[in-house]
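Quick notes on the structure that follows.
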Amino acid sequence: MTTPAYFISDVHLTLDDGEPEQERRRHLFKFFDMIGQSGGTLFIVGDFFDFWFEYNHVIPKRYFDVVSQLRQLRTRGVEIHFILGNHDYWTNDFLNSSMGIQVYPDTAEVEIDGHRIHLTHGDGLLAEDTGYRLMRKILRSRVTVFLYRCLHPDLGIKLAQSASRLSRKNNPPRGNQDATFDELSQYAHDRWAEGYDIVIMGHYHLNRLHIGQDGRSFLCLGDWISHYTYGKLSQDRLTLETWLI
Ligand SMILES: [Mn+2]
């Protein structure tokens, strides 16, 4: 696996057509262009799309430019690994077979420059997530996916668009970030005990990097909604960077 390795999560690219979304995409594509020039490997740690559902023969057309940018990166020789999040879980065979992206439905374990890295989107890890974990099971069940697939894509995508607008509106204010980070750190501790030395996570829109004295690290990637942050592993150094200042 070639370095630098770049890690990004929670871009939440929407199906909206407005200027704010266009602007976000322009920043993202510039970031991709930088990766294309430096070479290396791109890890997308979930919720890249605000809604991704692949039918057998249809993908959402509003993502055409995004998909073609990912394709360009592949053509330029950049390896792409996509750890699916709770907003873009419903893939079929397009991203891997047609795009040449390595897709992970759950966690990914990779080795880069002698580092054992554990990556997860991270949803459902908090103690208070009991109800969410049940809902996630239902939303991912074969029956739900089958029923949703039976809807005409125009209707299915419209429904998803309203659901995601609604969930953005009803998003509760985020709780104590220190407490959340502490609770998530337990997950990192458990992975370190298993022999991983780097744990990388998204989902919580927290941008924090903890590097312990023994060199073991835990990175929460932030997002591309308010933080525009990404992780970078280069020349044996893991950093949390900001794309926009
Ligand atoms: Mn998420």
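The values are calculated or read from the model by the stated rules, or taken from the named source; none is laboratory data. These numbers were taken from a predicted model, which means no experiment stands behind them. FYI the Cβ positions are ideal-geometry reconstructions off the backbone, even for glycines, and counts take in every protein chain you see.
Scan the stretch 18-66 for residues that are touching a helix residue (DSSP H, G or I) at 6+ places or on another chain (Cβ under 7 Å), away from the ligand (no atom under 16 Å from the Cβ) and part of a strand (DSSP E or B) and the total you get is 1. Screening GLY100, GLY131, GLY122, GLY175 for residues that are at pLDDT 95 or above and within 16 Å of the ligand (Cβ to nearest atom) leaves exactly one candidate, GLY122. Scanning the stretch 52-87 for residues that are closer than 28 Å to HIS118 by Cβ and in contact with a Pro (Cβ under 6 Å, 6 or more places away or on another chain) turns up just one, LEU84. Considering (1) closer than 22 Å to LEU139 by Cβ; (2) in contact (Cβ under 8 Å) with a residue 12 or more places away in the chain, the lone condition that ASN96 does not fulfil carries the number (2).
Among the residues of the stretch 76-97, the ones that are within 24 Å of GLY36 (Cβ to Cβ) and either within 16 Å of the ligand (Cβ to nearest atom) or buried (at least 19 other Cβ atoms within 10 Å of the Cβ) (or both) come to 10 in all. Residues to consider are ARG136, ARG116; find the one that is more than 18 Å from GLU183 (Cα to Cα), in contact (Cβ under 8 Å) with a residue 60 or more places away in the chain and touching a Gly at 6+ places or on another chain (Cβ under 7 Å). The conditions single out ARG116.
Kindly establish whether THR239 is surrounded by 20 or more Cβ atoms within 10 Å (Cβ to Cβ) and among the hydroxyl-bearing types (Ser, Thr, Tyr). Walk me through it before giving the result.
Numbers: surrounded by 20 or more Cβ atoms within 10 Å (Cβ to Cβ): no; among the hydroxyl-bearing types (Ser, Thr, Tyr): yes.
Against the criterion (surrounded by 20 or more Cβ atoms within 10 Å (Cβ to Cβ) and among the hydroxyl-bearing types (Ser, Thr, Tyr)), THR239 does not qualify.
Which residues, counting only those in the stretch 188-232, are within 18 Å of the chain's Cα centre (by Cα) and over 28 Å from GLU23 (Cβ atoms)? Correct list: ALA188, ILE198, VAL199, PHE218. Screening SER9 against (1) at pLDDT 95 or above; (2) surrounded by fewer than 22 Cβ atoms within 10 Å (Cβ to Cβ); (3) polar (S, T, N, Q); (4) within 16 Å of the ligand (Cβ to nearest atom) leaves a single unmet condition, (2). Looking at the stretch 174-192, is at least one residue among the polar types (S, T, N, Q), under 30 Å from ARG25 (Cα atoms) and touching an Asp or Glu at 6+ places or on another chain (Cβ under 8 Å)? No, every residue in the stretch 174-192 fails to be among the polar types (S, T, N, Q), under 30 Å from ARG25 (Cα atoms) and touching an Asp or Glu at 6+ places or on another chain (Cβ under 8 Å). The set of residues in the stretch 150-163 being of a type outside the set (Asp, Glu) and over 14 Å from TYR89 (Cα atoms) consists of CYS150, LEU151, HIS152, PRO153, LEU155, GLY156, ILE157, LYS158, LEU159, GLN161, SER162, ALA163.
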